[in-house]
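Before any comments, here is the structure.
The values are calculated or read from the model by the stated rules, or taken from the named source; none is laboratory data. Because the structure is a prediction, the values reported are computed rather than measured. Don't worry about glycine lacking a Cβ; one is built from the backbone with ideal geometry, like all the others, and counts go over all protein chains shown. Areas reflect the complete protein model, heavy atoms only, side chains present, ligands, DNA and RNA absent. Shrake-Rupley method; radii C 1.70, N 1.55, O 1.52, S 1.80 Å.
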Amino acid sequence: MELHDNLFMRRLLTSLVMIALLPACSRNDVEVTVNPASGLPTWKTRDQVFSLELVPLLPDFVRAVFGAKGLPKEVVETISAYCVFGTIIRNQADEPLSYDMRTWRYVTADGVEHLARPKSTWVEEWREQGIAFRWTLLYEAQTYAVGDWGQGFTTVKLPPGTRFDLHYSWQQGDRTHERIIRDMACAPATLDN
């Protein structure tokens, strides 16, 4: 009888744990993978019509990209001081959808909401400095037809390594869909090798 009771208790406990975890699993619509070479995570939404992938970029990588484009050193240093993500957005729906990252919020542990710096702000600042450069940055607002996708850098003024929750949204038809990716992080200042 003891063996039977033990088995019953284990099954009961396993079932209760699975039931307790079920709501968390159903809300878990974000896949986090870690690059084995760098140790940096990537966040990718899944099971959604609006696919969003965010890859944190090291400040040295950002310097290399913008420096290779011939931008002045002060411009390169300014953008590399931001938290920068390689961002990929895909429309996996059966109808067009739109996004406007100017409505997205990066909420740090202290509850402060930070806004992404949109491409148009960077471009205008550079234009005022006599720099004609528009490449690499993600458009802040776009509409994607079925199957369309886009990529580019997104920037937010946060120090390296800062942790935050990303509150983002997109529109499809007359509905706005809102989601949160929890416990994201800016790339560190450097990799510890």
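List of remarks:
- Here the range 144-187 is assigned +1 on the Cβ of each Lys and Arg and -1 on the Cβ of each Asp and Glu. Its dipole about the Cα centre then comes out at about 160 debye.
- The apolar share of the surface of the range 72-193, taken as the fraction of accessible area on carbon and sulfur atoms (1.4 Å probe, ligands and nucleic acids excluded), comes to 49 percent.
- Modelled label positions at THR176 and VAL34, each set 7 Å beyond Cα in the direction of Cβ, lie 3.7 nm from each other.
- Average Cα contact separation per residue, the range 35-193, under 8 Å, 6 or more apart, as relative contact order %: 27 percent
- Cβ-derived FRET efficiency at R0 30 Å, ASP148 paired with ALA185, nearest 0.05: 0.55
- Once the gyration tensor of the Cα atoms in the range 34-110 is diagonalised, the equivalent ellipsoid follows with semi-axes of 27, 16, 14 Å, ordered largest first.
- The range 40-114 versus the range 145-175: alpha-carbon centroid distance in Å: 7 Å
- Scalar couplings 3J(HN,Hα) for the range 91-98, obtained by applying the Karplus form with A = 6.51, B = -1.76, C = 1.60 to θ = phi - 60°, are 8, 9, 8, 9, 8, x, 9, 10 Hz; x denotes Gly and Pro.
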